[in-house]
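Comments concern the structure below.
The values are calculated or read from the model by the stated rules, or taken from the named source; none is laboratory data. For clarity, every value in this text was computed on a predicted model and none was experimentally measured. Heads up, the Cβs are rebuilt from the backbone with ideal geometry, glycines too, and the neighbour counts pull from every protein chain shown.
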Amino acid sequence: MSEEGKKSWFARLKDGLKRSSSKLTTGIADIFTKRRLDDDALEEFEDLLITSDLGVTTAAKLGAELSRTRFDKEVDPAEVQEFIATEVAKILEPVAKPLVIDATKKPHVILVVGVNGSGKTTTIGKLAKTYRDQGLKVMMAAGDTFRAAAVEQLKVWGERTGCPVIARDTGADAAGLAFDAIDQAKREGYDLLLIDTAGRLQNKAHLMDELKKIVRVIHKRDETAPHDTLLVLDATTGQNAHSQVEVFSEATSVTGLIVTKLDGTAKGGVVVALAEKFGKPVHAIGVGESAEDLRPFDAKSFARSLAGLED
């Protein structure tokens, strides 16, 4: 990517995380302006990190580290921002992993899971565009067979990207659809197959059973598939994202996360809490509606944007 492209993405990321970063930077200024780092200031600092959704473990870790180096000294707010950016990047670096499509798999099968409203179907469309633009032959399967709107949405992305969409009637068996899609993708030499799934959490047991069945059936057609199972999380749900990782990991072996809607929330810190707690790869993040607004996750850029700093 050109420097200009990088810059504009950083600017968009910083802009997208503005609500999250302004909560942190305002809090830091309130706590640390003309003040020594004492026990009270440390407690307020940790509380700020927790209310900014970075999680209790991260807050305790950062509090201890700041205390170790700066206790009983005057601390400047800008210094604290730099400290947060550095420490958060350390937590995020191990999980910032690109999604790699294996060219030897024909097709590389990606199962996409997540609750309704998380941006799952849109994310599939954006991924299809990204890989199609890279020259791969991409197919999508509308496995959320209960929601006609999800099927229509995927078909629109299909037209937009020039990628075929395998769909069935509303209420059709999603596992059967996945089987047929793999069959067709293999026959026609596709590089990548993206399979959408239903995300109704109201009846958890039913959803889990359906996902397990889809995985079993995919496995019958290709015992190495799915090659990736991506969980799409809506950042605006904040701490609720933790239970979603747990619920979906029960049903499928979630291999990586994509976090969407970071531009619509002050809860961007949840990405840090998820990295700390689950250690699952974060492949991409979304800070807007267009396909260009879903980009590979970069630990340093994210950490600096979250702390309200320049790249």
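Take the conditions (1) surrounded by fewer than 20 Cβ atoms within 10 Å (Cβ to Cβ); (2) more than 20 Å from the chain's Cα centre (by Cα); Ala225 misses just one of them, which is (1). Taking the listed residues Val217, Val165, Val156, the one that is β-branched (Val, Ile, Thr) and touching a strand residue (DSSP E or B) at 6+ places or on another chain (Cβ under 7 Å) is Val165, with no other qualifying. For region 192-208, taking the residues that are part of a helix (DSSP H, G or I) and touching a helix residue (DSSP H, G or I) at 6+ places or on another chain (Cβ under 8 Å), the one that is surrounded by the fewest Cβ atoms within 10 Å (Cβ to Cβ) is identified as Lys204. For region 288-310, a residue qualifies if it is touching an Asp or Glu at 6+ places or on another chain (Cβ under 7 Å) and buried (at least 24 other Cβ atoms within 10 Å of the Cβ), and exactly one does: Arg304. Across region 13-28, the qualifying residues are those that are out of contact with any Asp or Glu (no Cβ under 9 Å at 6 or more places or on another chain) and surrounded by fewer than 15 Cβ atoms within 10 Å (Cβ to Cβ), and the one among them that is farthest from Phe297 (Cα to Cα) is Thr26.
Of all residues in region 281-292, none that is under 12 Å from Trp9 (Cβ atoms) and modelled with pLDDT under 85 has its Cβ atom under 7 Å from the Cβ atom of a residue that is of a type outside the set (Gly, Ala, Ser) and surrounded by fewer than 20 Cβ atoms within 10 Å (Cβ to Cβ), 6 or more apart or on another chain. Give the residues of region 235-260 that are in contact with a strand residue (DSSP E or B) (Cβ under 9 Å, 6 or more places away or on another chain), touching a residue at least 40 places away in the same chain (Cβ under 8 Å), under 25 Å from Lys300 (Cα atoms) and surrounded by fewer than 24 Cβ atoms within 10 Å (Cβ to Cβ), sorted by residue number. Selection gives Val254, Gly256. State whether one or more residues within region 178-188 are assigned by TED's automatic domain parsing to the domain that holds Thr224, surrounded by fewer than 20 Cβ atoms within 10 Å (Cβ to Cβ) and among the aliphatic types (A, V, I, L, M). The answer is no, given that none of the residues of region 178-188 is assigned by TED's automatic domain parsing to the domain that holds Thr224, surrounded by fewer than 20 Cβ atoms within 10 Å (Cβ to Cβ) and among the aliphatic types (A, V, I, L, M). Taking every residue in region 112-134 that is without any contact (Cβ under 8 Å) to a residue 40 or more places away in the chain and pairing it with any residue that is in a helix (DSSP H, G or I), at least 6 positions away or on another chain, the pairs with Cβ-Cβ distances below 8 Å are Arg132/Thr161.
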